[in-house]
Amino acid sequence: MAAPPPIPPRPNEAAPPIPPRPGDAAPHPPPSPGHPAHPPAYPPVVVGRLIADGTEAKSGVLVRGVKWQASGILEEGANLPGQDVRIRRPLTIHLGPSGSCIDGKGRQRTEILSWPPTAAGETWLYKWNFHLGPSIPSSSKFFHMTQLFSREQGGFVVALGLVNGKIKISSQLPPLIGPDGAPVPQPEVPVERYWGRTTYHRMVVRWGPGGSVDYTVQDAATLEPLLQYRVADVHVPAGGSVKCGLYRAHVCSAAQAVVGDFDFVRR
């Protein structure tokens, strides 16, 4: 006997969802409220004073102790439409799609950095706020938003980046070892927990032999902890700066971020 036909939905009542069949692709979740479904358009509508226009790589001094370098557009103010940016002294970074905003190494880079470079034996406290625009594709190539950079080493020491849909810590310092004798994995969170919100960054660094790094990232409004990285009694190569912004080797789309409230102090 044939099965009876399904009961139609009542008026103004939605029909139940059709269950997926084996082999069907999982449906994509809807975008979060206030988050665009696609990366930003480029070029943007600039609303603040232009510091860099994105036509060539430039650099300059923001204030005493803070410099900037930009291959993309850098403007004063918070220019992320639809985003609740909680930064009192903001700068907005805009990077374009592939083929645009390229520096001398063929990469896209717009960063704010501490200056002058540090010396071995110095201890510095770095604080800033950061808001990554949502819906930015990523790849396996590096896409740094924070770099603890060493000129003595000629590269980053610790970095925070977007890789394959995750916000991850990368480190060139000796790894922490767990109770089982294996290296402890570096901290990471899904990018959906990071973008579209203002994050508060605090990093304390003792440079040189017997050095240390203590880096925490929190939600700026709720102080919810998102990431923490700590290492002590290691050599932290000096000649250093902290860099915060957008720096990437592979371009999937345009990207935007707001950064500001810089407080870089030697202890």
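Please name all residue pairs, on different chains or six or more residues apart, with Cβ atoms under 7 Å, provided the first residue is in the stretch 189-206 and is at positive phi and the second residue is buried (at least 20 other Cβ atoms within 10 Å of the Cβ) and not in a strand (DSSP E or B).
Once the first residue is at positive phi and sits in the stretch 189-206, its partners that are buried (at least 20 other Cβ atoms within 10 Å of the Cβ) and not in a strand (DSSP E or B) give Gly196/Gln83; Gly196/Pro134.
Six or more apart or on different chains, Cβ atoms under 6 Å: show the pairs whose first residue is in the stretch 107-130 and basic (Lys, Arg) and whose second is at pLDDT 95 or above.
Short answer, once both residue conditions are applied: Arg109/Ser71; Arg109/Tyr247; Lys127/Arg202; Lys127/Asp263.
Which ones in the stretch 104-120 are in a loop (DSSP other than H, G, I, E, B) and either crowded, with 23+ Cβ neighbours inside 10 Å or over 19 Å from the mean Cα position of the chain (by Cα) (or both)?
Gly104, Lys105, Gly106, Trp115, Pro116, Pro117, Thr118, Ala119, Ala120
Looking at the stretch 75-129, which of its residues are among the acidic types (Asp, Glu) and modelled with pLDDT of 95 or more? Full working, then the answer.
Let us first name the residues in the stretch 75-129 that are among the acidic types (Asp, Glu), namely 75-76, 84, 103, 111, 122.
Within the stretch 75-129, Glu75, Glu76, Asp84, Glu111, Glu122 meet the criteria.
Does the stretch 156-172 include one or more residues that are of a type outside the set (A, V, I, L, M, F, W, C) and over 19 Å from the mean Cα position of the chain (by Cα)?
no
What number goes with the only condition from (1) more than 19 Å from the chain's Cα centre (by Cα); (2) modelled with pLDDT of 95 or more; (3) in a loop (DSSP other than H, G, I, E, B) that Leu62 does not pass?
(3)
Would it be correct to say that Arg206 is crowded, with 19+ Cβ neighbours inside 10 Å, over 28 Å from Thr92 (Cβ atoms) and at pLDDT 95 or above?
yes
Can you name every residue in the stretch 133-147 that is assigned to a loop (DSSP other than H, G, I, E, B) and not polar (S, T, N, Q)?
Of the residues in the stretch 133-147, the ones assigned to a loop (DSSP other than H, G, I, E, B) are 133-142.
Hits for the stretch 133-147 are Gly133, Pro134, Ile136, Pro137, Lys141, Phe142.
For the stretch 163-200, enumerate the residues that are in contact with a helix residue (DSSP H, G or I) (Cβ under 6 Å, 6 or more places away or on another chain) and of a type in the set (Val, Ile, Thr).
Residue satisfying the conditions is Ile167 alone.
Working carefully through the options Leu80, Leu74, find the one that is buried (at least 16 other Cβ atoms within 10 Å of the Cβ) and touching an Asp or Glu at 6+ places or on another chain (Cβ under 9 Å).
Just a single option satisfies the conditions, and that option is Leu74.
Do we find that Phe130 is among the hydrophobic types (A, V, I, L, M, F, W, C), touching a Lys or Arg at 6+ places or on another chain (Cβ under 9 Å), within 24 Å of Ala255 (Cα to Cα) and not in a loop (DSSP other than H, G, I, E, B) in this structure?
No; evaluated as a whole, the condition is false for this residue.
Restricting the search to the stretch 83-103, which residues are more than 25 Å from Thr222 (Cα to Cα) and crowded, with 23+ Cβ neighbours inside 10 Å?
His94, Leu95, Cys101
Pull up the stretch 209-238, narrow it to residues that are of a type in the set (S, T, N, Q) and without any contact (Cβ under 8 Å) to a residue 24 or more places away in the chain, then point me to the one that is nearest to Glu76 (Cα to Cα).
The selected residue is Gln218.
I'm checking my understanding of the structure. Among residues of the stretch 36-59 that are out of contact with any Lys or Arg (no Cβ under 7 Å at 6 or more places or on another chain) and among the small types (Gly, Ala, Ser), which one is nearest to Ile136 (Cα to Cα)?
The selected residue is Ala37.
Collect the residues in the stretch 97-131 that are farther than 18 Å from Gln69 by Cα and hydrophobic (A, V, I, L, M, F, W, C), keeping them in residue-number order.
Those that are farther than 18 Å from Gln69 by Cα and hydrophobic (A, V, I, L, M, F, W, C): Ala119, Ala120, Trp124, Leu125.
Mind telling me which of the residues Val189, Val231, Val158 ends up being aliphatic (A, V, I, L, M) and farther than 20 Å from His131 by Cα?
Going through Val189, Val231, Val158 in turn, the sole match is Val231.
For a quick check of your reading of the model, give me the residue pairs whose first member lies in the stretch 239-266 and is under 16 Å from Leu62 (Cα atoms) and touching a residue at least 60 places away in the same chain (Cβ under 8 Å), whose second is of a type in the set (Lys, Arg) and assigned to a strand (DSSP E or B), with beta-carbon atoms closer than 6 Å and at least 6 apart or on different chains.
Matching pairs, first to second residue: Asp263/Lys127.
The values are calculated or read from the model by the stated rules, or taken from the named source; none is laboratory data. Small disclaimer: the values here were computed from a predicted structure and weren't measured. Glycine gets a Cβ as well: all are built from the backbone with ideal geometry, and neighbour counts include every protein chain shown.
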